[in-house]
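A short worksheet on the structure shown next.
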Amino acid sequence: MNKPSVSTLQIITFNNGEIINSNDLIAVEEPLEIRIGYGPVNNREQKNISITMRTPGHDFELALGFLFTEGIIENAKDVKQIKYCTELNTKKDNQNIVRVELTEFVKIDLKKLQRNFYTTSSCGVCGKSSIEAIKTVCDFSKSNHKFEVNQTIITQLPNKLRAQQDVFKYTGGIHGCALFDSKGNLEISREDVGRHNALDKLIGSLISNKNEINSFEEKILLLSGRASFELIQKAAILGVKMVCAVGAPSSLAVETAIEFDITLIGFLRENRFNVYSHSHRVIS
C-alpha cells in the first residue's frame, strides 16, 4: 500500500478574534533514500546515491528521473528492477528506501556518484564551471527545429497545471510541473514539496514510458515556482527548448538557458510574462 501524500492535522485557527478548532490538510514530507545495485551478476555491489525530502508518491519515477539527470543512466533499458527496501525499514519508515537495480552492462563512475557538485547554485562554484559540467552529462546540440508558441497559449498554461494539482488544491504547500505540447495540450504533470523532485518525477515517468529523449525539443515545461539553475539543468539534459516559470529566474538559470538554446520565461501570469532568453520561439 502506497504512503499518503496528504496528512490530516488538528489545528487552532484565529480569525477576527474568534478561536476555532478544526482539521487541516497538509502535504506530507518524508526522506527518500535512493540506492543503486550494479556490477556483474556474480559480484553485485550497492551504493547510496542520494537522500532527498519528498512527498510520497511516484517514488520509482523520482529515482529514475534523478539517475537520468545525474548521467548515471541513459534510458529505461539500463534498469533491471526498482523496488522498496522494506526489509531494512521500520514499519513507520516503510517505503522510504528505493533500490534501483542496474543492468550488469552499465558502467559506473564512482567519482560521479559523489553527488555531482554542480546540482545546486549554492555550492560555490562559478557559473561557467557549472554550465560546463552539464555538458558532460547531456548530448547538447543547437536545435534546428522551427519551434514556435503563441503568447496566448503560454498565458493559459498555469491554470491548466493548477487544475491537475490535487495535493496543492487541498494543502497549498506543494510545487508542480507539467509538460505541454506546442498547442498547449497538457501531457503529464507531477507534484512534490521539492520543486526538483517534482521535475525528477516527471522525467522519470517519461523514461519509464520509454520515450525517446530527443523527442522533447518541441515541448513546453512549466514550473509552478521560480526557475532555479538546478531545474534549467534538468530541462537541458532532457532536451526541452522552452521553460516557463510562474516565479522569477536566477541569474545562473538565465545563463544556462542562453547557453543551451532554451527559451526561458518567468513571472508568467494571466496576460503577461517576461522572456529572458531566445525570444524567437514566442510569437504574437
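The values are calculated or read from the model by the stated rules, or taken from the named source; none is laboratory data. Being a predicted model, the structure only gives us computed values, none of them experimental. Cβ placement follows ideal geometry from the backbone for every residue including glycine, while neighbour counts extend to all protein chains displayed.
Is there a residue in the range 194-214 that is more than 14 Å from residue 65 (Cα to Cα) and either assigned by TED's automatic domain parsing to the domain that holds residue 60 or among the aromatic types (Phe, Trp, Tyr) (or both)? So far as the range 194-214 goes, no, none of its residues is more than 14 Å from residue 65 (Cα to Cα) and either assigned by TED's automatic domain parsing to the domain that holds residue 60 or among the aromatic types (Phe, Trp, Tyr) (or both).
Within the range 193-233, the set of residues being in a strand (DSSP E or B) and among the basic types (Lys, Arg) comprises just one member, 219. Of the strands (runs of 3 or more DSSP E) lying entirely inside the range 1-55, not one is found with 3 or more residues being of a type in the set (Gly, Ala, Ser) and at pLDDT below 90.
Yes/no per residue for (1) under 26 Å from residue 198 (Cβ atoms); (2) surrounded by fewer than 17 Cβ atoms within 10 Å (Cβ to Cβ); (3) of a type in the set (Val, Ile, Thr); (4) touching a residue at least 12 places away in the same chain (Cβ under 8 Å):
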{"residue": "16", "(1), (2), (3), (4)": "no, yes, no, no"}
{"residue": "29", "(1), (2), (3), (4)": "yes, yes, no, yes"}
{"residue": "58", "(1), (2), (3), (4)": "yes, no, no, yes"}
{"residue": "61", "(1), (2), (3), (4)": "yes, no, no, yes"}
{"residue": "65", "(1), (2), (3), (4)": "yes, no, no, yes"}
{"residue": "68", "(1), (2), (3), (4)": "yes, no, no, yes"}
{"residue": "71", "(1), (2), (3), (4)": "yes, yes, no, yes"}
{"residue": "86", "(1), (2), (3), (4)": "yes, yes, yes, no"}
{"residue": "104", "(1), (2), (3), (4)": "no, yes, no, yes"}
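The single condition among (1) over 27 Å from residue 59 (Cα atoms); (2) in a strand (DSSP E or B); (3) aliphatic (A, V, I, L, M) that residue 252 does not meet is (2). Considering the conditions (1) surrounded by fewer than 17 Cβ atoms within 10 Å (Cβ to Cβ); (2) among the hydrophobic types (A, V, I, L, M, F, W, C); (3) at pLDDT 65 or above, residue 157 is excluded by exactly one of them, (1).
Scanning the range 1-46 for residues that are over 20 Å from the mean Cα position of the chain (by Cα) and of a type in the set (Ser, Thr, Tyr) turns up 7, 8, 13, 22, 38. Checking 107, 111, 92, 83 one by one, the residue that is within 23 Å of residue 40 (Cα to Cα) and at pLDDT below 80 is 111 and no other.
Hey, any hits in the range 174-192 for a residue that's assigned to a helix (DSSP H, G or I), among the acidic types (Asp, Glu) and surrounded by 20 or more Cβ atoms within 10 Å (Cβ to Cβ)? Scanning the range 174-192 turns up no residue that is assigned to a helix (DSSP H, G or I), among the acidic types (Asp, Glu) and surrounded by 20 or more Cβ atoms within 10 Å (Cβ to Cβ).
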